[in-house]
Amino acid sequence: MKKKVEKLNYKVRLMAVKDYAEVYKLWKTIKNFAIRQIDDSKEGIIKFLKRNKSTCVVAVCDNKIVGSILCGHDGREACFYHVCVKEDMRNHGIATSMVTYIINKLNKLNINKVRLVAFKKNKLGNDFWKDIGFAQNKNMNIYEKVLNDSNLVKIV
């Protein structure tokens, strides 16, 4: 049985460069959250936001940022990064609202698929994605090659 969701007064809107400090501060409060030294720097996020003007969002409640999603696309597929909601604001529909907002934008851009990475140890995240209709891809493995060793990952 699903938990009843209490409706909070929050708003989902596009992320702006001016939001960076507050969003970064939020990221640092999320347990087991991976932050990359270069990609998640202010300069890295400015570059990402310029490239993805209509698909990166924040959730705001009482004039404070309580959630964020970075979403980038290549014109064909999109990818979610840094999906998070402040711990004491979870289970109120905020993440689902942010995902829905972005999916509506992606549909208008004729993007046909969205992907994301949820760390295996992140039970809460994996359960969330399954609950809102995302399926774990069992047909492929994800590989990566680090092109810049200076872009260190720090788990907070």
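The values are calculated or read from the model by the stated rules, or taken from the named source; none is laboratory data. It should be emphasised that the depicted structure is a prediction, and the values quoted were computed from it without experimental measurement. Cβ coordinates were reconstructed from backbone atoms using ideal geometry, including for glycine residues, and neighbour counts include every protein chain displayed. These area figures cover heavy atoms from the full protein model, side chains too; ligands, DNA and RNA do not enter into them. Shrake-Rupley method; radii C 1.70, N 1.55, O 1.52, S 1.80 Å.
Give the number of residues within segment 40-54 that are open to solvent by less than 100 Å² (accessible area, probe 1.4 Å), without any contact (Cβ under 8 Å) to a residue 12 or more places away in the chain and assigned to a helix (DSSP H, G or I).
Residues in segment 40-54 being open to solvent by less than 100 Å² (accessible area, probe 1.4 Å), without any contact (Cβ under 8 Å) to a residue 12 or more places away in the chain and assigned to a helix (DSSP H, G or I): 1 in total.
May I ask you to say which residue of Y81, Y143 is touching a helix residue (DSSP H, G or I) at 6+ places or on another chain (Cβ under 9 Å) and hydroxyl-bearing (S, T, Y)?
It is Y81.
Would you be able to tell me the number of residues in segment 70-90 that are surrounded by 15 or more Cβ atoms within 10 Å (Cβ to Cβ) and not in a strand (DSSP E or B)?
Qualifying residue count for the region: 3.
Any chance segment 117-139 includes a residue that's part of a strand (DSSP E or B), open to solvent by 30 Å² or more (accessible area, probe 1.4 Å) and of a type outside the set (S, T, N, Q)? Show your work before the answer.
Within segment 117-139, the subset part of a strand (DSSP E or B) is none.
No, segment 117-139 contains no residue that is part of a strand (DSSP E or B), open to solvent by 30 Å² or more (accessible area, probe 1.4 Å) and of a type outside the set (S, T, N, Q).
To keep it simple, each residue is scored yes or no on (1) at pLDDT 95 or above; (2) touching a strand residue (DSSP E or B) at 6+ places or on another chain (Cβ under 8 Å).
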residue: K2; (1), (2): no, no
residue: V5; (1), (2): no, no
residue: V23; (1), (2): yes, yes
residue: D40; (1), (2): yes, yes
residue: K50; (1), (2): yes, no
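Go through segment 7-19 and give me each residue that's of a type outside the set (K, R), more than 14 Å from the chain's Cα centre (by Cα) and either over 14 Å from V85 (Cα atoms) or at pLDDT below 95 (or both). Steps first, answer last, please.
Step one: filter segment 7-19 for residues of a type outside the set (K, R), giving 8-10, 12, 14-17, 19.
Subset that is more than 14 Å from the chain's Cα centre (by Cα): 8-10, 16-17, 19.
Result: L8, N9, A16, V17, D19.
Conditions first: (1) in a loop (DSSP other than H, G, I, E, B); (2) free of Cβ contacts under 8 Å to residues at least 24 places away in the same chain; (3) of a type in the set (S, T, N, Q). N148 passes all but one, so which condition is the exception?
Going through (1) in a loop (DSSP other than H, G, I, E, B); (2) free of Cβ contacts under 8 Å to residues at least 24 places away in the same chain; (3) of a type in the set (S, T, N, Q) one by one, N148 breaks only (2).
Starting from segment 126-139, take each residue that is closer than 17 Å to G93 by Cβ and list its partners that are in a helix (DSSP H, G or I), counting only C-beta distances under 8 angstrom and pairs at least six apart or across chains.
Once the first residue is closer than 17 Å to G93 by Cβ and sits in segment 126-139, its partners that are in a helix (DSSP H, G or I) give F128/A95; I132/T96; I132/V99.
Consider N141 carefully, then state whether it is more than 16 Å from L70 (Cα to Cα) and at pLDDT below 95.
Yes, satisfied.
Would segment 55-63 turn up any residue that is loosely packed, with under 12 Cβ neighbours inside 10 Å and at negative phi? Lay out the reasoning, then the answer.
Going residue by residue through segment 55-63, those that are loosely packed, with under 12 Cβ neighbours inside 10 Å are 62-63.
Among the residues that remain, those that are also at negative phi are: none.
Within segment 55-63, not a single residue is loosely packed, with under 12 Cβ neighbours inside 10 Å and at negative phi.
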